[in-house]
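Asker: Structure in structure tokens, see below.
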Amino acid sequence: MFTGFRVRCARDILDFVMATGKTFYLETFGCQMNAHDSEKVIGTLQQQGYRQVESEEEADLIFYNTCSIRDKAEQKVFHRLNDYKKLYQAGKRFGVLGCVAQQEGEKIFERAPFVSLVSGSASYRKLPEMLTRLESGETRITGLDDRQTEETFETEFMARQNPYRGYITIIEGCDKFCSYCVVPYTRGKERSRTSSSILAEARSIADMGYTEIQLLGQNVNSYRDPEGKMSFADLLANVGQVGGIRRVRFTTSHPRDFTRDIVDAIDAVPTLCDHVHLPVQSGSSRVLKLMAREYTREWYMERISWMKAAKRQISISTDIIVGFPGETADDFIQTMDLLAEVQYDCVFGFKYSARPNTPALTMIDSIPEAEKAHRLHVLLERQKEIQRSNYAKHLGQIMEVMVEAMNPARGQIAGRSSQNKPVNFTTTLPISPAPGSYVKVKIIGTFPNSLVGEMV
Ligand code: 5AD
Ligand code: SF4
């Protein structure tokens, strides 16, 4: 489905695309920032006369928008390239976009000589020009703007892939330099968009019929309005008041920049979802220091206490890394204690993975793989029990659910609560509610990761 930024032009573009006959396949790895970048890349390619196809075999151009956050994500990309390299002989061209592209740069041409284009996200503005060069037969095209770039990647045309949730990037890049993380090297320095352009985009997607907006940034709450008009909390409140918008989410928040007015805004503006993702990474202040996270456990817990004291019940989720170089058994116990203290609704747990260019690479990765796996297992098992009890508290409640999809096999309708919890429910109505609509559901069963209900 093409849901362009400028709806009036969509037909013209489709006609143009059908006439030129050029095709592309794009696969996205990694985070929501990458997924949303892909929406912009697809919009840009369509504007250049390309039509999206479903498989590598059908495409003239094969693009992978890659992730390098952990070793495994990166390996996946090279495996995929290897699986399809035979298509080069058939005249197909390959492009590597995103974080692996920025990280590895021209080395990709050595490792995968059939790749013709390598571009990191900070250079996507130049994609039209790079495509022209690709079409003229050039084979070593690079877009590797580094941390110097001041530009954000806003495109006039965007092929939004999620029919209900409109993503808006408000800040790109990262200036935090956590010692384990590649992002500052792959996505450039922090660049915020003006609040006027963000609000204009919010209004425009509301006009298109979207009711849910998700504001995106590697550190979304490090937002600094270049016009100096709004703080991040002001921006949240303003987006929440755009006509037609019923839910506003934002991800990912950094504890260092998490201010109390964000919680106040959630309390004051009902359209702001009662869910905050606040990665802690470790419960040990000693490890947090080694990670260069720029906060202590106490600082983090103070932010948690603001949320726990809010009028609305705010659901909190987090990311945790186990097995960071030098993490002792005692450090890990502190992380487990923190888990018990916060009572998260969701935890993404990761084994530490050494990444190129990062300061942690020089620390001795002392913890054996088996121990990392053991700690992760212990963490996730404990968290499962916490979630079992957290989710059980919803039994008997009536909550608003946005319908996302039908699951005919299970005779259930799938949706999400404002707290971002998956809700699977049934209805006695002859016609199921349409995806994208909001319904009231009574919760009749609970699991550690989802709720079960009946529409009321
Ligand atoms: N090793 C393991 N996990 C990592 N993350 C980021 N870098 C690494 C790494 N080198 C995790 C963090 C981050 C999430 C997106 O990925 O927990 O919040
Ligand atoms: Fe992966 Fe990080 Fe890049 Fe997102 S920003 S794609 S998580 S490396």
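Please treat every number below as a calculation from the coordinates, not as lab data. A quick note: this is a predicted structure, and the numbers were derived from the prediction, not measured. Heads up, the Cβs are rebuilt from the backbone with ideal geometry, glycines too, and the neighbour counts pull from every protein chain shown.
Asker: Could you give the size of the charge dipole of region 87-158 about its Cα centre, using +1 on the Cβ of each K and R and -1 on the Cβ of each D and E, expressed in debye and rounded to the nearest 20? Intermediate values should be presented prior to the final figure.
Answerer: Working: 9 positive and 12 negative charges, 78 e Å.
My answer is approximately 380 debye.
Asker: How big is the charge dipole of region 3-143 about its Cα centre, in debye rounded to the nearest 20, if each Lys and Arg gets +1 on its Cβ and each Asp and Glu gets -1 on its Cβ? Intermediate values should be presented prior to the final figure.
Answerer: On the way: 20 positive and 19 negative charges, 38 e Å.
So the magnitude is around 180 debye.
Asker: I want the antiparallel fraction of DSSP beta bridges within the chain, as a percent rounded to 5.
Answerer: Details: 22 of 68 bridges.
Around 30 percent antiparallel, to the nearest 5.
Asker: Ranking request for peptides 208-215, 390-397, 444-451: highest mean number of other beta-carbon atoms within 10 Å first, then the rest in descending order.
Answerer: Values: 208-215: 19.6, 390-397: 14.4, 444-451: 16.5.
Descending mean neighbour count gives 208-215, 444-451, 390-397.
Asker: I've got another one for you. Taking the simple approach of a point 7 Å from Cα along Cα-to-Cβ for both GLU454 and LYS311, what is their distance in nm?
Answerer: 3.3 nm
Asker: For region 270-280, what does the Karplus curve 6.51 cos²θ - 1.76 cosθ + 1.60, with θ = phi - 60°, yield as ³J(HN,Hα) per residue in whole Hz, taken in order and with x for Gly and Pro?
Answerer: Listing the rounded values in order: x, 6, 6, 5, 8, 8, 10, 9, 10, x, 9 Hz.
Asker: Next up: Would you report the distance distribution of C-alpha pairs in region 3-143 as whole percents per 5 angstrom bin, up to the bin with the largest distance?
Answerer: With 5 Å bins starting at 0, P(r) equals 2, 10, 20, 25, 22, 13, 5, 2, 0.
Asker: Tell me which lysines have Cα within less than 29 Å of LYS92's Cα, excluding those fewer than 8 residues away on the same chain?
Answerer: Result set, ordered by chain and number: LYS22, LYS40, LYS72, LYS76, LYS107, LYS126.
Asker: Could you state the principal axis extents of the C-alpha atoms in region 222-347, from the largest down, to the nearest angstrom?
Answerer: Over region 222-347, Cα extents along the principal axes are 51, 31, 20 Å.
Asker: In addition: Note down the nm distance, to one decimal, between modelled labels 7 Å out along Cα→Cβ at TYR438 and at GLU151.
Answerer: 3.9 nm
Asker: From the backbone phi of region 320-333, what are the Karplus-calculated ³J(HN,Hα) couplings (6.51 cos²θ - 1.76 cosθ + 1.60, θ = phi - 60°) in whole Hz, Gly and Pro given as x?
Answerer: 9, 9, 9, x, 4, x, x, 5, 8, 4, 5, 4, 5, 4
Asker: Right, here's the next one. Amide H of LEU97: which non-local residues (sequence gap of 5 or more, or other chain) have their own amide H closer than 5 Å, using H built in the peptide plane?
Answerer: For LEU97, the qualifying residues are TYR64, ASN65, THR66, SER119.
Asker: Taking the Cα centre of the chain as origin, sum charge times position over the Cβ atoms of Lys and Arg (+1) and Asp and Glu (-1), and report the length of that vector in debye to the nearest 20. Don't skip to the end; give the middle numbers.
Answerer: Details: 57 positive and 57 negative charges, 127 e Å.
With only Lys, Arg, Asp and Glu charged at Cβ, the dipole is about 600 debye.
Asker: Kirkwood Rh over alpha-carbon pairs of region 398-455, then Stokes-Einstein at 25 °C and 0.890 mPa s: what D in µm² s⁻¹, rounded to an integer? Provide the component values of the computation, followed by the final result.
Answerer: Numbers: Rh = 11.0 Å.
Rounded, D is 223 µm²/s.
Asker: Once fully extended, how much extra length lies between GLU227 and LYS85, figured as 0.36 nm per residue of separation less the alpha-carbon to alpha-carbon distance?
Answerer: On the way: separation 142, 0.36 × 142 = 51.12 nm, distance 4.68 nm.
Once the chain is fully extended between GLU227 and LYS85, it gains 46.4 nm.
Asker: Amide H to amide H under 5 Å from GLN412: which residues, 5+ apart in sequence or cross-chain, H placed 1.01 Å off N in plane?
Answerer: Close amide H contacts, sequence-distant or interchain: ASN407.
Asker: Only loop residues by DSSP count here, and only those with at most 11 other Cβ atoms within 10 Å; note down the trypsin sites (Lys or Arg not before Pro) in region 83-130 that meet that.
Answerer: Numbers: sites: LYS85, LYS86, LYS92, ARG93, LYS107, ARG111, ARG125, LYS126; in loops: LYS92.
Of the trypsin sites (Lys or Arg not before Pro), not one in the loops of region 83-130 has a Cβ with at most 11 other Cβ atoms within 10 Å.
Asker: Distance between Cα centroids, region 262-324 to region 226-242: provide it in whole Å.
Answerer: Between the Cα centre of region 262-324 and that of region 226-242, the gap is 21 Å.
Asker: Please give the calculated 222 nm ellipticity per residue for the chain, where each DSSP H segment of at least 4 residues contributes -39500 (n - 2.57) and the sum is spread over every residue; nearest 500 deg cm²/dmol?
Answerer: Details: 14 runs with 153 residues, N = 456.
After summing the helix terms and dividing by the residues of the chain, the value is -10000 deg cm²/dmol.
Asker: Using amide H atoms built in the peptide plane, which far-off residues or other-chain residues are under 5 Å from PHE348 H to H?
Answerer: Amide H neighbours of PHE348: THR318, ASP319, ILE320.
Asker: Further question: Whole-Hz ³J(HN,Hα) for each residue in region 403-408, computed from phi via Karplus 6.51 cos²θ - 1.76 cosθ + 1.60 with θ = phi - 60°, x for glycine and proline: what do you get?
Answerer: For region 403-408, the Karplus-derived couplings read 6, 10, 6, 9, 10, x Hz, x marking Gly and Pro.
Asker: Also, I was wondering about something else. What is the chain by shape, rounded, prolate or oblate, if you read a ≥ b ≥ c off the alpha carbon gyration tensor as root eigenvalues and call it rounded for a/c under 1.5, prolate for a/b larger than b/c, and oblate otherwise?
Answerer: Working: a/c = 1.57, a/b = 1.17, b/c = 1.34.
Taking the square roots of the gyration eigenvalues as a ≥ b ≥ c, the chain is oblate.
Asker: Oh, and also: Enumerate by residue number the trypsin sites (Lys or Arg not before Pro) in region 172-202 meeting two conditions: DSSP loop (anything except H, G, I, E, B), and at most 16 other Cβ atoms within 10 Å of the site's Cβ. Mind showing how you got there, number by number?
Answerer: Numbers: sites: LYS176, ARG187, LYS189, ARG191, ARG193; in loops: LYS176, ARG187, LYS189, ARG193.
Sites meeting the loop and neighbour criteria: LYS189.
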